[in-house]
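Novice: Structure below; questions to follow.
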Amino acid sequence: MLEPLSDEQLTRQISPLQSPLVWDLAHIGYFEELWLLRGGNGGGGSELDDLYDSFAHGRAERGTLPTLAPQHARAYVSEVREKVLERLPELAQDDFLVGMVAQHELQHVETMAQTLALAGLAGPNGLPRVTASGDVLVPGGPFALGSDEPGAYDNERPAHVVDLPPFRIDRALVRNSEYEEFVEAEGAAAPLRWGREDEPVQHVSFHEAEAYARWAGKRLPTESEWEKAVKTVRAELEHAQGAVWQWTSSFFDGYPGFRAFPYKEYSEVFFGDEYRVLRGGSWVTDPLVARPAFRNWDLPQRRQIFAGIRCAADV
Ligand SMILES: [Fe+2]
C-alpha cells in the first residue's frame, strides 16, 4: 500500500487526526519487536519507546518527532520481521501474542488507508453495491454476547448471556442516494467523500448517523442488537460485515467480568461515555479482524473511519 508513495507523502502530517504514514509503518515494527522479541511492557527499554509508544505522543504531534526516515523505517520493520520469523516456532507457543501482533498490523493498515483517503491519495476501493431493502425481525430472547475464542481481545470477553426484547433491523446499509436526500432535507453536511449512488454511504460521524436514523423514523441499533442480529439472522443481512463499519448507539465499556489483557491501554483507558462502538468491519478490514464479536470504537464526531449506517427500530 505504501510502496508507490514518495518520502514526502510518507512523512507529511496529512491531518491532525492521523499519524504520518511513516510513523504507522515503524510503529508496526516497534509493536512487533516489543511483544515478540522483548517480551512486552516489562521487557527492557529501547530508544524507540518514546517515539513509537502510542500513549507517549498524540497523533497530531507525531509529524514533529525525530522519527525514523522512510528508508530506515523500512529497514527496521524488515529486520524485526526476519528475527520474528526465525523464532516463530518458539513464539507460536503463545499464539495469543502472535495473533495480537498480526491483528495490530492489520488494524494499522486500515488506519493508513484512512490517511490515504484524507490525503486524497489513491488507495484501494472495494465498496460493494447495496441491493437489498426492507428489514428483518429479530425475535426477543437470550443470546451469547461476546467471545471466549482464543483470538478474542479483552474487550470481547467474557461471552455472557444477554436477554433482549424483539427489534427490527434493516437488511441493507444506507446508500449514498438515501443519505443525499437527508442532506438536502435537513441541510446536513455531506459526508467526507461521496461515493456512487448505489454504494453504502461512508465517512459519516456518529452524530450524523444518529440524525439520519431519526430523520428516517428509525434509530441506530445497540451493539448487543447488532451482534445478536449477526449471530442469529446473518443470512438475511446484506453486507453484515466487510462493507463499512456500522455505528451503534452504545458507549464503549467493559463487559461484566472484564479483565484487562495483556495491557490496560488496549481497551480499558477508553471505557466510559466518550467513545461509541462501531461494528462489522469495512471493505479495508481484514477478515481476521472482522469477526462478529469484534468491537471498534471512536469519538462521535469522527468521520475519517470507513463508517456508515444500518438502522434498527423497535417492534
Ligand atoms: Fe498501534
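Novice: Mind checking whether some residue in segment 38-54 is assigned to a helix (DSSP H, G or I) and either at pLDDT below 90 or more than 26 Å from Glu3 (Cβ to Cβ) (or both)?
Specialist: The answer is yes, given that some residue of segment 38-54 is assigned to a helix (DSSP H, G or I) and either at pLDDT below 90 or more than 26 Å from Glu3 (Cβ to Cβ) (or both).
Novice: Follow-up. Does segment 261-282 hold any residues that are modelled with pLDDT of 95 or more, part of a loop (DSSP other than H, G, I, E, B) and either under 20 Å from Gln304 (Cα atoms) or not charged (D, E, K, R) (or both), and which are they?
Specialist: Matches in segment 261-282: Phe271, Gly272, Glu274, Tyr275, Gly280, Gly281.
Novice: Shifting gears a bit: Looking only at segment 117-128, filter to residues that are outside any helix (DSSP H, G or I) and closer than 19 Å to Glu199 by Cβ; which one of those is farthest from the ligand (Cβ to nearest atom)?
Specialist: By that ranking, first place goes to Pro128.
Novice: Go through Ala235, Ala172 for me and flag whichever is under 24 Å from Arg291 (Cβ atoms) and without any contact (Cβ under 8 Å) to a residue 24 or more places away in the chain.
Specialist: After ruling out the rest, the residue left standing is Ala235.
Quick grid of which residues meet (1) in contact (Cβ under 8 Å) with a residue 40 or more places away in the chain; (2) in contact with a Lys or Arg (Cβ under 6 Å, 6 or more places away or on another chain); (3) away from the ligand (no atom under 14 Å from the Cβ); (4) closer than 18 Å to Gln114 by Cβ:
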| residue | (1), (2), (3), (4) |
| --- | --- |
| Arg12 | yes, no, yes, yes |
| Leu17 | yes, no, yes, yes |
| Asp24 | yes, no, no, yes |
| Trp35 | yes, no, no, no |
| Arg38 | no, no, yes, no |
| Gly45 | no, no, yes, no |
| Ser54 | yes, no, no, yes |
| Gly58 | no, no, no, yes |
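Novice: Of all residues in segment 111-166, which are of a type in the set (Asp, Glu) and open to solvent by 50 Å² or more (accessible area, probe 1.4 Å)?
Specialist: Answer for segment 111-166, where residues must be of a type in the set (Asp, Glu) and open to solvent by 50 Å² or more (accessible area, probe 1.4 Å): Asp135, Asp148, Glu149, Asp163.
Novice: Still on this model: For segment 14-55, name all the residues that are open to solvent by 20 Å² or more (accessible area, probe 1.4 Å), within 19 Å of Glu90 (Cα to Cα) and not aromatic (Phe, Trp, Tyr).
Specialist: Hits for segment 14-55 are Glu33, Leu37, Arg38, Gly39, Gly43.
Novice: Further question on the same structure: Testing Glu105 on (1) within 14 Å of the ligand (Cβ to nearest atom); (2) modelled with pLDDT of 95 or more; (3) farther than 19 Å from Val289 by Cβ; (4) open to solvent by 50 Å² or more (accessible area, probe 1.4 Å), one condition comes back false. Which one is that?
Specialist: Status for Glu105: all satisfied but (3).
Novice: Right, next: Can you tell me which condition Gly58 does not meet? The list is (1) loosely packed, with under 13 Cβ neighbours inside 10 Å; (2) touching a His at 6+ places or on another chain (Cβ under 7 Å), and all the others hold.
Specialist: Among (1) loosely packed, with under 13 Cβ neighbours inside 10 Å; (2) touching a His at 6+ places or on another chain (Cβ under 7 Å), the lone unmet condition for Gly58 is (2).
Novice: Suppose we filter segment 62-102 for residues that are more than 16 Å from the ligand (Cβ to nearest atom) and either closer than 25 Å to Ala307 by Cβ or among the hydroxyl-bearing types (Ser, Thr, Tyr) (or both); how many remain?
Specialist: Of the residues in that region, 3 qualify.
Novice: In segment 81-116, what count of residues is obtained for those that are more than 14 Å from the chain's Cα centre (by Cα) and part of a helix (DSSP H, G or I)?
Specialist: Residues meeting the conditions: 19.
The values are calculated or read from the model by the stated rules, or taken from the named source; none is laboratory data. Note that the structure is a prediction, hence the values are computed from the model and not measured. Quick reminder, even Gly has a Cβ in these numbers, built from the backbone with ideal geometry, and neighbours come from all protein chains shown. Note: areas computed on protein heavy atoms with side chains; ligands, DNA, RNA excluded. Shrake-Rupley method; radii C 1.70, N 1.55, O 1.52, S 1.80 Å.
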